[in-house]
Amino acid sequence: MRTLIFLFLFFAWLVYYGLTAVYTGFRNLDETTLRIVMATHTLLVVAAVASPFFYRCWSERGWPHPVVKYTIHTLIALFIGLLAMAAVVFIGDLVVGLKAIVLGIFAAFTSSSFSAASTITRSPLMAQLAIATGTLLFLGLLYGVTRRYRYQVRRVQVPVDNLPPAFQGLRIVQLSDIHSGSFDNPEAVRKGVATAVALQPDLILFSGDLVNNRADEFEPYLPIFAQLRAPLGVYSVLGNHDYGDYIPWPSTEAKQENLRRLIRYQQQAGWKLLLNESVTLHKGNDALTLLGVENWSGRAGFSRYGDLARALEGTPTDQPAILISHDPSHWLAEIADVHPQIALTLSGHTHGMQFGIESRWFRWSPVQYMYKQWAGLYQHGRQYLYVNRGFGFLGYLGRLGMPPEITLLELVQA
């Protein structure tokens, strides 16, 4: 009940401030034109507000037609733009209200006159700024759709204490968050996989979320991802979306069979799925431990299938190890300081929110308010975490300022 009340108040706030922004920003138009603008905007607002509900329905059951899919996603982009527009007007109202309170208090203690009518007035300039902000965000999100297959190779050196000499310069390609159920361009995906193979890695590691919900999403792309090959092998773990936890199933057995099918698909692709276990990688006379755990999150609301203690059983504590764990919140919760032999943890999950700004001087994404480690390389003492921004996309059919990533990590002696 509380959720329903919250949603009602939120959508009422959104609609009110969205309409207020347009009316205030265009109130100098002639009456007929203003009515047309307001009527058009009202229809768009209704469609945009309804779009998340249609998205939830069809993303679970399957999209009836590509046109419907892209229409709904366009309306969701409009919804986000509307949200930004409403937020700017709301902030403007807070500023006007604060100004009125300060002037009212000042007038109460002085002889100066105070006119509330002249103070509590919405500025057309603020409304026009809100419209411009919402429009730019909407257009930016549409532009991001054209960038969702523009794979970017990120090269990172990771210093490792006591790195065995044979593993000096080890080249690891990390992929994460493929989300094959979102793909609609096999040729673009094929080029991304070819880019990863062309890096000539010694080892390929996948850090989870192969599908959105159903194992069958991966089947059309299995021959493409089966092209991933490396001398030391291709290893993977499960992410939170791989278990089918986010959609209803006719029975527990159906859900379990879905997971078994996903595991079989990875085997058919030539990948070795690590389910709370370890393997020893050999080069010459030297060895390196590779660990893989199922999804384990340090945040409430996400699954904890992982068992790090089980994965560590029988592994040497004086030999550096690499861990694949889908959710980066696992790192500070159970790994850093606790298991110093784990020199490098590889995660994904955040996608960098598929939206943000990254430059040499400034990094920002909304996801940073949910995850302390959300993209790139992090250090805690002599231990490192790398968070991959994801190969695929989910929800938003695009990437704005946060391109899909293929990571090439090189291990070097610390």
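Every number here is computed from the coordinates shown, using simple stated rules; none is lab data. The model shown is predicted, which means the values in this text are computed figures rather than measured ones. Positions of Cβ are generated from backbone atoms using ideal geometry, with glycine treated the same way; all protein chains shown enter the neighbour counts.
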Checklist line | Inter-centroid distance (Cα atoms) of the stretch 238-293 relative to the stretch 1-67, Å | finding: 42
Next item on the list: Would you be so kind as to identify all helices of the chain, as entire DSSP H runs, whose Cα atoms reach 30 Å or more along the helix's own axis and whose mean Kyte-Doolittle hydropathy is at least -1.0?
Entry: 2-25, 31-61, 66-108, 124-145
Notebook entry, point to check: Efficiency by 1/(1 + (r/R0)^6): what FRET value for Gln267 and Lys191, r their Cβ-Cβ distance, R0 = 22 Å, to the nearest 0.05?
Noted result: 0.30
Margin query: Return the Rg/Rh ratio of the stretch 67-226 with Cα-based radii and a Kirkwood Rh.
Written below: 1.26
Notebook entry, point to check: For Ile91 and Ala198 in the same chain, what is the full-extension length gain: residue separation times 0.36 nm, less their Cα-Cα distance, in nm?
Noted result: 33.5 nm
Check: How do the peptides 373-383, 24-34 rank, highest first, by the average count of neighbouring beta carbon atoms within 10 Å per residue?
Finding: 373-383, 24-34
Notebook entry, point to check: Just the projected area, averaged over all directions, of the convex hull on the alpha carbon atoms of the stretch 181-333: how many nm²?
Noted result: 10.4
Check: Which FRET efficiency value, to the nearest 0.05, is calculated for Leu98 and Ile247 with the Förster distance at 51 angstrom and r the Cβ-Cβ distance?
Finding: 0.65
Notebook entry, point to check: Using the scaling law 2.2 N^0.38 Å as the reference, what is the normalised Cα Rg of the stretch 2-145?
Noted result: 1.30
Margin query: Calculate the FRET efficiency for Leu275 and Tyr16 from the Cβ-Cβ distance with a Förster distance of 56 Å, rounded to the nearest 0.05.
Written below: 0.65
Next item on the list: Distance from a point 7 Å along Cα→Cβ of Gln256 to each backbone N in the stretch 208-237: keep the residues under 18 Å and list them by number.
Entry: 215
Next item on the list: For Gln157 and Ala107, calculate 0.36 nm times their separation in residues minus their Cα-Cα distance, and state this gained length in nm to one decimal.
Entry: 11.6 nm
Note to self: Only Cα pairs within less than 10 Å get springs; with that Gaussian network setup on the chain, which residue of Val68, Val153, Val237 has the largest fluctuation?
What the structure shows: Val68
Notebook entry, point to check: Rounded to a whole number, what is D in µm²/s for the stretch 258-304 from Stokes-Einstein with the Kirkwood radius over alpha-carbon pairs (4 °C, 1.567 mPa s)?
Noted result: 100
Notebook entry, point to check: In 5 Å bins starting at 0, how do the alpha-carbon pair distances of the stretch 183-250 split up by percent?
Noted result: 3, 15, 21, 25, 19, 10, 4, 2, 0
Notebook entry, point to check: To one decimal place, what Kirkwood hydrodynamic radius in Å is obtained for the stretch 152-413 from all pairs of distinct Cα atoms?
Noted result: 18.4
Checklist line | Evaluated at q = 0.14 Å⁻¹: base-10 log I(q)/I(0), Debye formula over Cα of the stretch 338-414 | finding: -0.49
